[in-house]
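Please read the structure below before turning to the comments.
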């Protein structure tokens, strides 16, 4: 997992390696200071040698300045390394996601991908910086300080051998006990957020059922659970400081007592005793820092795992290397197509479909939820790949085309469609980046969107908010349609793309398409019979199979499902007047 | 570790340098008022423990002097081997240490329960206040923004309470104690310490200021990038359909590079501060050793070797808290900005409710009419007249709008002079284009919003005079956007009436035509659904929301028919369910289905916030007006 993750370090490898190096140098200098200090006291102060004091003093200041330099260098290197690492990680993630197919996207949902690219990367970045600085600093500090202490007085240094396992054991116990509780804390946090989020989304329901108190109670229960878990976990964590103090104090007392005895016995000097006390601090602090690094790294482990999962995800659809660069015409053929979203041929959602559509035909598709309408049309621009059989566009298997070429020729207006932050013109130009203003107007005109665009103060320069939330559903659908028309595709697929447009306007759209794009093959999925009754042919889908094909009149005469739908709609049908 | 997605949009540093201003102080006082409210005892205890713990750490440093000057040196000089004095000194110190560790333990535990407790209280209060806000507030505030009060802001407050504030307090104490101790040992050496601390302040001010500046810029760029990522990943399928991958990629690369540069700059200054501070501490240590050594050699300065040893340790204890305070103050100010947003939400003006009429159950006295026959209960409005006498008005479901004008924003009127009445049991259909004002009328009836001119009468009582909870309880709503909550299906239907029995819930589900699909689910009514994701189809969610309304059994219903694409079979189930639900009730329906309109006693055609036509289906067809055009699917030119 780490190997995959660290592959994103790339050009920041130098900084990544330099920062532990600089840190180690800094620590090395820091650790020699108390030793020289002991010498300054023993051979300078105690015997009254001013020269020695000055000489040692200059050396010490020089050491401290060097250590400062290394410290600054280490900080800069680690800052650059971690920021660069995060940059590359985000880039790699984003690049890989761009290559994802629809089935990749279905498996890893959008919201989870967003979390991975934002929060998770930030957490990993912090842990990485901690790792290359503190991860080097604390072991180095521990090691060097230990060596120094043993060199000064190995018998006295044995005190550490007694105290350190106690401290390390204590810290490990705290981590071991609190970690699982923290997991619960995070889960509870998620449920708390969920309650707030659902409450905000459903505030109309809450208020109209007068359920405010009920919601407060629900929130209170989770809030209390969060309180309980958090207190429990933090009670363990709060033991860290006292444990650390207890260890320090124990060392101080032992070293004072034993050290004093040794000094009296003439085995040690006062200066050495003072430096031993400094080393005690350094050793114990480094242990505590190490435990913090471990906690940080283990918390970010989950985030790292989620990131690697995205990096490891293999795009299921890629275009061939030398793909066919032109789509001959708008004809479509399905040959024994079997399709399953999971790729498992035993539970398909489309069975043995054979279908031939001539270039320029208008096809209506109708059928209940789950009948396979959307699956059928999504195979044409290769948003999914068939499990068995083949789909041919312009006489060639879709898998032979260059993906961009294929998708530029096959425009699909998705059921769940979206606009992006920017002006209306910018959004429309997604269909064709080089489209002139008059082309924009042409497309908007066909989609019956020109009227409302012109009514806007800024017209085509009006701002669209994220997701297109500042226009109505019907307007959004018409903009999405115009955007697709700008491709001037050979095949146009409308997947229930005008459901929020009123029937009259929808009829005008159909009429405009017939007039202006006669050569384009059109596939129209709809719930309303009125949307497709004029089509050259209508396909009735049921449970993943084609139940019938024909014109409106033919199907009325021969197809039971079609007749049933028709009757229900004319009897108690639509009266749809949404703008 | 941050619990939420750090957008950084509310970063106070974005407004310039981080500073403790009057507003922050007021917020801080309020935070303390919250602590005082129920946690005062624990707080006092914690403070006491902090004092004790700080004293012990100073005593620990001073002990070195005692050890060296009063025990080791005299013994060395005297050449005696009597260690009993030393042993008892160490024993006494040991006891002191035990006290120190105990008080530190106690204070840490206290702070845990105080900080989490206060936070829970504030969180609960915030949610409580939020539930009482008018709908306008929710319509004008983004969900994400409100969410971040519960995540980012609350989390920052918790850290401030559990860490920053006790740290600042203990650092301040330590500074005072250590300074006193240092002065008692050597005033001259204390000057050296001051000199170094002055340098530290200078460096912190210079670098820290820069870093805060870059940091706020970085937060902004990070927020922008995260927003971009959110939008693009959300629209990923559209990106692919339009083969825009490489364009989006290039765009992202630009933004990502920008973020890198800002992060690098911010970190360069931010992170560098720590090693500089640490090493300045080392330099100070060295300087003291050198100067102290010189002083110690000269008896006229009365600094002993032991005194020097103590001073060295003290000086370390002095610089740490100084840099601690400057760091913590920053995070306190940041957290206070979050606290201010939290308090602002708590202080937000709640939904106004001056109504006094209450919905009461009567024992069949008075005129109960059909709703008694249906639900077996008989409801009435209990109003209090000016002379204080109470009066019972039977709940019938008679609703009248008289000369109603309304605007969401003052200069953009949405409704003009709307008059309408619905007699008990009548079905009123609203027809018109999006934005014609259909939903607005329903928003006014249940008082999500209040009329600005004109009035609405409910069984003859102005709706403002009815207590909101009672008003809304009498009105059932099925909205187009079917919101469900995470929980079982049973719980979701019961949301309509919390005291409904399982049987009543199932009965309602049957009435709404939802029973069939529910029983086909593996866990039936106990199937857990989540509010935001969709295990259920749109149509099934609609059926559940109809069942939820059915279990509430209100005399008046407001229905917003769904336009979203639902397959014909489910559509028919919904239709039947709705029709059964509407039976015998006064119904306002925003209609999209022909059958609904045909069955309505009155159809109101709205355009631009005015009622332009009214009548039943046949009348309106005969009029050959707007309705006729809509009906025949033709559009006026």
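The values are calculated or read from the model by the stated rules, or taken from the named source; none is laboratory data. On a predicted model such as this, the values are computed, not experimentally measured, just so you know. Every residue, glycine among them, receives a Cβ derived from its backbone with ideal geometry; neighbour counts consider all protein chains shown.
Brief remarks on what is shown
- Some residue of the range A:467-485 being under 14 Å from residue A:446 (Cα atoms), more than 14 Å from every other protein chain (Cβ to nearest Cβ) and without any contact (Cβ under 8 Å) to a residue 40 or more places away in the chain: no
- In summary, residue A:430 fulfils each of the numbered conditions (1) under 11 Å from residue A:483 (Cβ atoms); (2) more than 29 Å from the chain's Cα centre (by Cα) with the single exception of condition (2).
- Taken over the range A:385-415, the criterion of being farther than 16 Å from residue A:327 by Cα and within 11 Å of another protein chain (Cβ to nearest Cβ) is satisfied by A:413, A:414, A:415.
- Residue A:338 being under 24 Å from residue A:552 (Cα atoms), surrounded by fewer than 18 Cβ atoms within 10 Å (Cβ to Cβ) and either without any contact (Cβ under 8 Å) to a residue 24 or more places away in the chain or not assigned by TED's automatic domain parsing to the domain that holds residue A:3 (or both): no
- The range A:66-91: number of residues that are facing another protein chain (nearest Cβ under 7 Å) and over 24 Å from residue B:214 (Cβ atoms): 1
- Some residue of the range B:412-428 being under 28 Å from the mean Cα position of the chain (by Cα) and modelled with pLDDT under 90: no
- Lone qualifier among A:277, A:222, A:263, A:203 - being under 32 Å from the mean Cα position of the chain (by Cα) and facing chain B (nearest Cβ under 9 Å): A:203
- Considering only residues in the range A:416-428 that are without any contact (Cβ under 8 Å) to a residue 40 or more places away in the chain and part of a helix (DSSP H, G or I), the one that is farthest from the other protein chains (Cβ to nearest Cβ) turns out to be A:425.
- Within the range A:521-539, the set of residues being outside any loop (DSSP other than H, G, I, E, B) and closer than 28 Å to residue A:392 by Cβ comprises A:521, A:522, A:523, A:524, A:525, A:531, A:537, A:538, A:539.
- Pairs with Cβ under 7 Å, 6+ apart, first in the range B:238-252 and more than 7 Å from chain A (Cβ to nearest Cβ) and closer than 16 Å to residue A:411 by Cα, second in a helix (DSSP H, G or I) and at pLDDT 85 or above: B:239/B:232; B:239/B:245; B:239/B:248
Per-residue answers, yes or no, for (1) over 21 Å from residue B:316 (Cα atoms); (2) in contact with a helix residue (DSSP H, G or I) (Cβ under 6 Å, 6 or more places away or on another chain); (3) surrounded by fewer than 19 Cβ atoms within 10 Å (Cβ to Cβ):
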site	(1), (2), (3)
A:31	no, yes, no
A:41	no, yes, no
A:47	yes, no, yes
A:54	yes, no, yes
A:61	no, yes, yes
A:73	yes, yes, no
A:77	yes, yes, no
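- Only one of A:294, A:311, A:258 that is more than 9 Å from every other protein chain (Cβ to nearest Cβ), assigned to a helix (DSSP H, G or I) and at pLDDT below 90: A:294
- Selection within the range B:475-499 - closer than 24 Å to residue B:382 by Cβ and surrounded by fewer than 21 Cβ atoms within 10 Å (Cβ to Cβ): B:497, B:498, B:499
For (1) outside any helix (DSSP H, G or I); (2) within 23 Å of residue A:218 (Cβ to Cβ); (3) out of contact with any helix residue (DSSP H, G or I) (no Cβ under 8 Å at 6 or more places or on another chain), each residue gets a yes or a no:
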site: B:498; (1), (2), (3): yes, yes, no
site: B:504; (1), (2), (3): no, yes, no
site: B:510; (1), (2), (3): no, no, yes
site: B:517; (1), (2), (3): no, no, no
site: B:541; (1), (2), (3): no, yes, yes
site: B:544; (1), (2), (3): no, yes, no
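- Taking helices (runs of 4 or more DSSP H) as the structural unit, those lying wholly within the range B:105-218 and holding at least 3 residues that are more than 12 Å from chain A (Cβ to nearest Cβ) correspond to B:165-185, B:187-203.
- In the range A:380-394, the residues that are assigned to a strand (DSSP E or B) and either touching a helix residue (DSSP H, G or I) at 6+ places or on another chain (Cβ under 6 Å) or surrounded by fewer than 19 Cβ atoms within 10 Å (Cβ to Cβ) (or both): A:388, A:389, A:390, A:391, A:392
- Against the criterion of being under 19 Å from residue A:118 (Cα atoms), surrounded by fewer than 19 Cβ atoms within 10 Å (Cβ to Cβ), within 25 Å of the chain's Cα centre (by Cα) and in the same structural domain as residue B:334 (by TED's automatic domain parsing), residue B:251 does not qualify.
- Qualifying residue in the range B:464-475 (condition: more than 14 Å from chain A (Cβ to nearest Cβ), in a helix (DSSP H, G or I), in contact (Cβ under 8 Å) with a residue 60 or more places away in the chain and more than 29 Å from residue B:570 (Cα to Cα)): yes
- Checking each residue of the range B:253-262 against the condition of being more than 8 Å from chain A (Cβ to nearest Cβ), free of Cβ contacts under 8 Å to residues at least 40 places away in the same chain and under 30 Å from residue A:378 (Cα atoms) gives no match.
- Filtering the range A:92-124 to residues that are closer than 26 Å to residue B:243 by Cβ, touching a residue at least 12 places away in the same chain (Cβ under 8 Å) and either assigned to a loop (DSSP other than H, G, I, E, B) or at the interface with chain B (Cβ under 7 Å from one of its Cβ atoms) (or both) leaves A:94, A:97, A:99, A:100, A:101, A:102, A:108, A:113, A:117.
- Residues considered: B:154, B:142. Of these, the only one that is out of contact with any helix residue (DSSP H, G or I) (no Cβ under 9 Å at 6 or more places or on another chain) and either on the phi > 0 side of the Ramachandran plot or in the same structural domain as residue B:299 (by TED's automatic domain parsing) (or both) is B:142.
- Every condition in (1) in contact (Cβ under 8 Å) with a residue 40 or more places away in the chain; (2) facing another protein chain (nearest Cβ under 7 Å); (3) under 28 Å from residue A:62 (Cβ atoms) is met by residue B:289 except one, and the failing one is (1).
- Search result, residues across the range B:383-411 that are at positive phi and under 40 Å from the mean Cα position of the chain (by Cα): B:397, B:403
- Each residue in the range B:128-139 was checked for being in contact with a helix residue (DSSP H, G or I) (Cβ under 7 Å, 6 or more places away or on another chain) and either surrounded by fewer than 23 Cβ atoms within 10 Å (Cβ to Cβ) or modelled with pLDDT of 95 or more (or both), and 6 of them qualify.
- Test result for residue A:380, touching a residue at least 24 places away in the same chain (Cβ under 8 Å) and closer than 28 Å to residue B:230 by Cβ: no
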